[in-house]
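First the structure, which I've put down as structure tokens, then a few questions once you've had a look.
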Amino acid sequence: MYVEELYTYTFAGKFNGTTRIIGDDDFDGVEFFEGYQVPDDAEMGKITPENVTPLQVEREDYTYKVHRPYKDETKKVSFIAIDSKTWPINTKM
């Protein structure tokens, strides 16, 4: 499994980041997970290494906490997730 996602979040107030849950008792989750801040006009298929900023990610069981402070704004965040059957592959943006 190789997944790329692009989410648009609207933050009303102060937040320390976002979370993404991948896995459950029937699925072991992923081996590799990264989060990126992308430009506000980003579109899937047009995201390049030159226009992303890697974000700090912390894993707790099946929950990935992607750290970046937000306050009263709308931002796009991209995620890459790979399971252990597919990992390792060259995924660096």
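Sequence gap at least 6, Cα distance under 8 Å: using those rules, report the relative contact order of region 2-82 to the nearest whole percent. The partial results should precede the final answer.
Working: 162 pairs, mean separation 43.4, N = 81.
Normalised by residue count, the contact order of region 2-82 is 54 percent.
Which of the aspartates and glutamates could a cross-linker bridge to LYS65, judged by Cα under 13 Å and excluding same-chain residues fewer than eight apart?
By straight Cα distance, LYS65 reaches GLU34.
Let me ask something else about it. When 1/r is averaged over all different Cα pairs and the result inverted, which Kirkwood radius in Å belongs to the chain?
Values: mean 1/r = 0.0718 Å⁻¹.
Its Kirkwood hydrodynamic radius stands at 13.9 Å.
Could you tell me what percent of the DSSP beta bridges with both partners in the chain are antiparallel, to the nearest 5?
Working: 33 of 33 bridges.
The antiparallel proportion sits near 100 percent.
At most 15 other C-beta atoms within 10 Å and a DSSP loop state: those are the exposed trypsin sites (Lys or Arg not before Pro) I care about. Give me the longest piece of the chain that has none. Walk me through the numbers on the way to the answer.
Working: sites that count: LYS46, LYS85, LYS92.
Counting at most 15 other Cβ atoms within 10 Å as exposed, the longest clean stretch of the chain is 1-45.
Given 0.36 nm per residue, what is the gain on full extension from ASP25 to LYS75 after removing their alpha carbon distance, in nm?
Details: separation 50, 0.36 × 50 = 18.00 nm, distance 3.15 nm.
Fully extending the segment from ASP25 to LYS75 adds 14.9 nm.
Past the 21 Å Cα-Cα mark, which pairs from LYS46/LYS75; LYS14/LYS46; LYS46/LYS85; LYS46/LYS76?
Numbers: LYS46/LYS75 16 Å; LYS14/LYS46 29 Å; LYS46/LYS85 26 Å; LYS46/LYS76 13 Å.
Over 21 Å apart, Cα to Cα: LYS14/LYS46; LYS46/LYS85.
Determine the gain in length on full extension of the stretch TYR9-ASP61; use 0.36 nm per residue of separation and subtract their C-alpha separation, reporting nm with one decimal.
Values: separation 52, 0.36 × 52 = 18.72 nm, distance 2.31 nm.
Taking 0.36 nm per residue and subtracting the Cα distance, the gain is 16.4 nm.
Read the figures in this text as sums done on the coordinates, not as results from a lab. Everything numeric in this text was worked out from a predicted model, so none of it was measured. Here Cβ is always computed from backbone atoms with ideal geometry, including for glycine, and neighbour counts include all displayed protein chains.
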